[in-house]
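The values are calculated or read from the model by the stated rules, or taken from the named source; none is laboratory data. Given the structure is predicted, the values throughout are model-derived calculations rather than measurements. Cβ placement follows ideal geometry from the backbone for every residue including glycine, while neighbour counts extend to all protein chains displayed.
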Amino acid sequence: MRNYITHEWFTIFTIIGLCAIVAAKYINTLRFNDFMYVIGNSKYLKIYTKDQKFIDQFDSFLFINLSLSLSIFIFFAYTTFITPLNFELASFLKLLLVVSTVIIIKTLLERLIGSLFEMDSLIDEYLFQKTTFKNFSGLVFLVANLFLLYTNSYTDIILITAFSMVCIINLIGFLSAFKSYQKLIIPNFFYFLLYLCALEIGPYVLLYKVIREYNA
């Protein structure tokens, strides 16, 4: 049986994530419907890239769900594959803060780099595309969390399946971006590799180390 308090708090956070998704759909139903078909369909990216803002209300609501759902997923993954943890609200809120902060700071750093190298337009389009696929991944994490919370079996299979789906989703997004900007990337492939290591891989390695050391 799962710990009752853990179940209760995670249910609350999951409901908040669901409410954030509903809010996103409410403020722009047409955009949300296009967003749901973003995998394998470039219509959403072509239409809404032009209208993006520095702080987008639609993406902000989806980001709330992403942060909550990813934090819950990380908790279950860590508990299942590394070390069993007892749920503590304060610790989980710290995890949520770290996850949210890493994502936000990473995005701001990329915008800063775009400004420094006078590539604001290019970076904004690229970040919008990445943000879109990350937010879509948040929906996958949310569904996976529902299974993790309300079923008592196949936890490892659920975690691996959801993680694999998210990797595929973001790989599709990465390949789509690479295809769109290959004329710029190929002549500067060395700098592209540095970017991948510093801003795409590094922050997640750092996040993993912080979580592991905190629970050591």
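For the reader, a short list of remarks on this structure follows.
- Selected residue (criterion: modelled with the lowest pLDDT) from residues of the stretch 24-63 that are acidic (Asp, Glu) and surrounded by 12 or more Cβ atoms within 10 Å (Cβ to Cβ): Asp56
- Options Ile55, Ile47, Ile82, Ile123: the member that is of a type in the set (Val, Ile, Thr) and touching a Phe, Trp or Tyr at 6+ places or on another chain (Cβ under 9 Å): Ile123
- Close pairs from the stretch 74-93: first within 23 Å of Tyr154 (Cβ to Cβ), partner assigned to a loop (DSSP other than H, G, I, E, B), Cβ under 6 Å, at least 6 apart: Thr79/Leu85; Phe87/Asn3
- The residue that is nearest to the chain's Cα centre (by Cα), counting only those in the stretch 31-82 that are hydroxyl-bearing (Ser, Thr, Tyr) and farther than 19 Å from Ile169 by Cβ, is Ser60.
- None of Leu149, Leu142, Leu127, Leu171 is surrounded by 15 or more Cβ atoms within 10 Å (Cβ to Cβ), out of contact with any strand residue (DSSP E or B) (no Cβ under 9 Å at 6 or more places or on another chain) and under 23 Å from Gln52 (Cβ atoms) except Leu127.
- Count of the stretch 72-90 residues which are surrounded by 15 or more Cβ atoms within 10 Å (Cβ to Cβ) and in a helix (DSSP H, G or I): 9
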